[in-house]
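> Below is a structure I'd like to ask you about.
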Amino acid sequence: MNILIVHAHPESKSFCAALKDTAVETLTDLGHEVCVSDLYEMNFNPVASAEDFLERENPDYLFYALEQRTSFSSGKIKQDIQDEIAKVKNADLIIFTFPIFWMSVPAIMKGWIDRVFVSGVFYGGKRIYGKGGMQGKKALVCTSLGGREYMFGDQGIHGQLYGHSGMLRSVLQGSLGYVGMDVLEPFVAYHVPYVSDEERKNILSNWSQSLLDLDTRAVMEMPSFDRYDDTFKPLS
């Protein structure tokens with residue numbers, strides 16, 4: 001299997017980096033082909049702008065999604081975006097490793113999605129969810145945070161992490177599921193800065209073990225496109 005790991009953490013000696021390294025080692029040992037996009041190491045530009053296009057369809061007004069569509073099909077989108085799209089298209093599974101920053105993904109990870117998930121390739125019109133451009137691919141989020149597990153639930157102080165209204169829903173459903181990927185149940189490392197080294201080793205061991213059973217890992221339920229009619233409005 002071809003696997004892409006998209007990693008976002010500014011410290012190469014962090015626990016989050018250890019999660020990434022553990023995934024590389026475990027999956028490589030299993031015989032998979034593993035490619036890593038370490039966004040901070042790459043100094044990846046997260047800012048979507050007019051500079052992403054070598055030539056504009058409409059030079060007078062920037063409609064980013066439409067420019068994505070026309071520029072990619074004509075080969076006039078920036079090379080760093082083309083390179084990342086090629087990695088995604090080659091991958092059977094994309095793993096995202098990052099810490100929770102202010103109830104969301106780091107800005108550099110969000111910017112990677114903004115620039116790489118181009119209209120016309122990943123999604124467009126009715127090509128969403130089960131009919132999205134990336135159908136047949138799997139996605140797995142592995143994240144770390146400082147809070148305890150009980151803080152993230154229906155009654156938790158922070159609310160759900162990835163449930164129906166969870167803080168990661170915009171990534172799991174609104175990005176990965178939206179473009180047609182099968183989104184696997186996330187792996188979450190809780191309270192990382194405050195636990196012992198032994199507990200951190202156990203988390204890494206559990207993460208490695210979970211990667212041995214990817215075929216049986218639960219897939220998150222996504223909205224069904226069948227709920228919509230030809231006018232793309234919700235059916236009553």
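> Scanning the chain for helices, which whole DSSP H stretches are 18 Å or more long along the axis (Cα) and average -0.5 or more by Kyte-Doolittle?
Membrane-span-like by this criterion, though nothing is claimed about a membrane: 15-29.
> Enter the accessible area of Lys89 (Å², nearest 10), with the probe set to 1.4 Å and all protein chains included.
It works out to around 110 Å².
> Go through Lys89/Lys201; Lys78/Lys138; Lys13/Lys110; Lys20/Lys126 and tell me which ones have a Cα-Cα distance over 30 Å in this structure. Numbers along the way, then the final one.
Values: Lys89/Lys201 33 Å; Lys78/Lys138 26 Å; Lys13/Lys110 22 Å; Lys20/Lys126 34 Å.
Those over the limit are Lys89/Lys201; Lys20/Lys126.
> What's log10 of I(q)/I(0) for the range 1-114 at q = 0.16, 0.21 Å⁻¹, Debye sum over Cα points only, no solvent?
Log10 I(q)/I(0), no solvent term: -0.80, -1.14.
> Whose amide H sits under 5 Å from the amide H of Ile95, counting only residues 5 or more places off or on another chain, with H placed in the peptide plane?
Leu4, Ile5, Val6, Leu140
> Here is a follow-up. For the range 32-89, which GluC sites (Glu not before Pro) are both in a DSSP coil and crowded by at most 15 other Cβ atoms within 10 Å? It would help to have the intermediate numbers written out before the result.
Details: sites: Glu33, Glu41, Glu51, Glu55, Glu57, Glu67, Glu84; in loops: Glu55, Glu57.
Of the GluC sites (Glu not before Pro), the ones in loops of the range 32-89 whose Cβ has at most 15 other Cβ atoms within 10 Å are Glu55, Glu57.
> Can you tell me the equivalent ellipsoid semi-axes for the range 1-68? Use √(5λ) from the Cα gyration tensor, largest first, whole Å. Walk me through the intermediate numbers first.
On the way: eigenvalues 238, 48, 11 Å².
Each semi-axis is the square root of five times an eigenvalue, giving 35, 16, 7 Å.
> Which order, highest average first, do 173-181, 187-195, 206-214 follow once you tally other Cβ atoms within 10 Å for each residue and take the mean per peptide? Walk me through the numbers before you get to the answer.
On the way: 173-181: 21.7, 187-195: 16.7, 206-214: 14.9.
Result, highest mean first: 173-181, 187-195, 206-214.
> Another question, then. From the mean inverse distance of alpha carbon pairs (Kirkwood) and the Cα radius of gyration, derive Rg over Rh for the chain. Please report the intermediate quantities before stating the final value.
Details: Rg = 18.4 Å, Rh = 18.8 Å.
So for the chain, dividing Rg by the Kirkwood Rh gives 0.98.
> Where does the chain land at 222 nm, in deg cm²/dmol rounded to the nearest 500, when only DSSP H runs of n ≥ 4 count, each adding -39500 (n - 2.57), divided by all residues? Don't jump to the answer; show the numbers that get you there.
On the way: 6 runs with 65 residues, N = 236.
Calculated at 222 nm, the ellipticity per residue is -8500 deg cm²/dmol.
> Using a 1.4 angstrom probe on the protein heavy atoms only, could you order Ser196, Ser73, Ser14 from most to least accessible area? Intermediate results must be reported in sequence, preceding the final value.
Numbers: Ser196 55, Ser73 95, Ser14 20 Å².
The most accessible residue leads, giving Ser73, Ser196, Ser14.
> Let me ask something else about it. Counting pairs of alpha carbon atoms under 8 Å apart in space and at least six apart in sequence, what relative contact order in percent does the chain give? Mind showing how you got there, number by number?
Working: 373 pairs, mean separation 48.9, N = 236.
Across the chain, relative contact order equals 21 percent.
> Considering only Leu62, Thr22, Met109, whose Cα is most displaced toward the positive end of the charge dipole of the range 1-116, charges sitting on Cβ of Lys, Arg (+1) and Asp, Glu (-1)?
Leu62
> Sticking with this one: At a Förster distance of 30 Å, what's the computed FRET efficiency of Leu30 paired with Ser104, Cβ-Cβ distance as r, to 0.05?
Efficiency, rounded to the nearest 0.05: 0.45.
> How large is the accessible surface of Ile100 in square angstrom, using a 1.4 angstrom probe and rounding to the nearest 10?
30 Å²
> Measuring from label point to label point, each 7 Å out along Cα→Cβ, what is the Val219 to Ser170 span in nm?
Computed distance between label sites Val219 and Ser170 equals 2.7 nm.
> Charges only on Cβ, +1 for Lys and Arg, -1 for Asp and Glu: so what's the dipole of the chain about the Cα centre, in debye to the nearest 20? Intermediate results must be reported in sequence, preceding the final value.
Values: 22 positive and 31 negative charges, 101 e Å.
I would put it at about 480 debye.
> Sticking with this structure for a sec: Compare Asp60, Asp182 by solvent-accessible area with a 1.4 Å probe and give them largest first, with all protein chains kept in place. Could you put the intermediate results ahead of the total?
On the way: Asp60 140, Asp182 65 Å².
Per-residue accessible area, sorted high to low, gives Asp60, Asp182.
> May I ask you to compute the full-extension gain from Ala65 to Leu212, defined as 0.36 nm times their residue separation minus their alpha-carbon distance, rounded to one decimal in nm?
Numbers: separation 147, 0.36 × 147 = 52.92 nm, distance 3.77 nm.
Gain on stretching Ala65 to Leu212: 49.2 nm.
The values are calculated or read from the model by the stated rules, or taken from the named source; none is laboratory data. Since the structure is predicted, the reported quantities are computational estimates derived from the model, not experimental observations. Virtual Cβ from ideal backbone geometry, glycine too; neighbours counted across all protein chains shown. Protein only, heavy atoms only, side chains kept; ligands, DNA and RNA dropped before computing areas. Shrake-Rupley method; radii C 1.70, N 1.55, O 1.52, S 1.80 Å.
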